[in-house]
Amino acid sequence: MDALTLYVIRHAEKPGEDFPGPGFMVDGVEDKESLVLRGWQRAGAWASLFGTHFGGSDYAKPDAIYAATPGGELDPNQGPSRRPAETILPLADRRKLTANEGFGKGNEKGLMDEVLGLSGVVLICWEHKAIISDIIPRIPVSKGTPPKKWNGSRFDVVLRFDRAEDDDKFSFKELFPKLLSGDSDKPLDS
């Protein structure tokens, strides 16, 4: 198999009790399926971390980016969530990549079948519950222990999986870039 570095991040902050204020689309239209202001700040921070050499060797520039299929442009406030696509929009723009949004929530098997056949550096942005239940279990890991739960208030973690050339399994490590105030360096399972 080809070498592959796979990053998995959760979409950025959403409307709720932890982050007051409405969600809004990139054009400023209020939308409960979109990011709140802090989420848009995080999206910009991810673009700096993964789109430059700011993060050093732990955070390589992606060759491909995947996000869950967003909701329709004409119907704000109707699912599915636009948050994964909005989270990676600044990074895709910075890297001059077209984000692959061809897999919707519920089609994690199809997503991972495609991604695990790739080489280079790939970033996936998805919903945290599906990351734990449907994405991580599809990644064969021989070194390190991926989390088995994801606290709903955590938006600040990067899961990194590395597969060496001619290997069929990945090594895993959890990263804590601490990009915004209040970000934690505690593992998801703690």
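The values are calculated or read from the model by the stated rules, or taken from the named source; none is laboratory data. Remember, predicted model here, so these are calculated numbers, not experimental data. Cβ atoms come from the backbone with ideal geometry, glycine included; neighbour counts cover every protein chain shown.
Worth a mention:
- Annotation: residue 157 fulfils all but one of (1) of a type in the set (Val, Ile, Thr); (2) crowded, with 17+ Cβ neighbours inside 10 Å; (3) without any contact (Cβ under 8 Å) to a residue 40 or more places away in the chain; the unmet one is (3).
- Selection of region 160-182 for residues being exposed (fewer than 13 other Cβ atoms within 10 Å of the Cβ) and either in contact (Cβ under 8 Å) with a residue 40 or more places away in the chain or farther than 21 Å from residue 39 by Cα (or both) yields 165, 166, 168.
- Lone unmet requirement of (1) farther than 20 Å from residue 58 by Cα; (2) without any contact (Cβ under 8 Å) to a residue 24 or more places away in the chain for residue 186: (1)
- Listed by first and then second residue, the pairs with beta-carbon distance under 7 Å, at least 6 apart or on different chains, first residue in region 92-121 and of a type in the set (Val, Ile, Thr), second part of a helix (DSSP H, G or I), are 98/92.
- Check on residue 105, at positive phi, among the basic types (Lys, Arg) and in a loop (DSSP other than H, G, I, E, B): no
- Verdict on residue 117 being in a loop (DSSP other than H, G, I, E, B) and more than 26 Å from residue 19 (Cα to Cα): yes
- Restricting region 5-29 to residues that are small (Gly, Ala, Ser) and surrounded by 22 or more Cβ atoms within 10 Å (Cβ to Cβ), the residue that is farthest from residue 116 (Cα to Cα): 23
- Tallying residues that are aromatic (Phe, Trp, Tyr), in contact with a Leu (Cβ under 8 Å, 6 or more places away or on another chain) and closer than 9 Å to residue 87 by Cα within region 18-45 yields 0.
- Qualifying strands (runs of 3 or more DSSP E) (wholly inside region 140-190; at least 3 residues being over 18 Å from the mean Cα position of the chain (by Cα), over 21 Å from residue 55 (Cα atoms) and modelled with pLDDT of 95 or more): 141-143
- Within region 132-145, being surrounded by fewer than 21 Cβ atoms within 10 Å (Cβ to Cβ) and in contact (Cβ under 8 Å) with a residue 24 or more places away in the chain holds for 134, 136, 138, 139, 140, 141, 142, 143, 144, 145.
Here is a yes/no grid of residues against (1) among the aromatic types (Phe, Trp, Tyr); (2) within 18 Å of residue 114 (Cα to Cα):
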{"site": "144", "(1), (2)": "no, no"}
{"site": "150", "(1), (2)": "yes, no"}
{"site": "155", "(1), (2)": "yes, no"}
{"site": "158", "(1), (2)": "no, no"}
{"site": "164", "(1), (2)": "no, yes"}
{"site": "168", "(1), (2)": "no, yes"}
{"site": "174", "(1), (2)": "no, no"}
{"site": "177", "(1), (2)": "no, no"}
{"site": "180", "(1), (2)": "no, no"}
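- Here residue 86 passes the criteria (1) outside any loop (DSSP other than H, G, I, E, B); (2) of a type in the set (D, E, K, R); (3) surrounded by 19 or more Cβ atoms within 10 Å (Cβ to Cβ); (4) out of contact with any strand residue (DSSP E or B) (no Cβ under 9 Å at 6 or more places or on another chain) except the one numbered (4).
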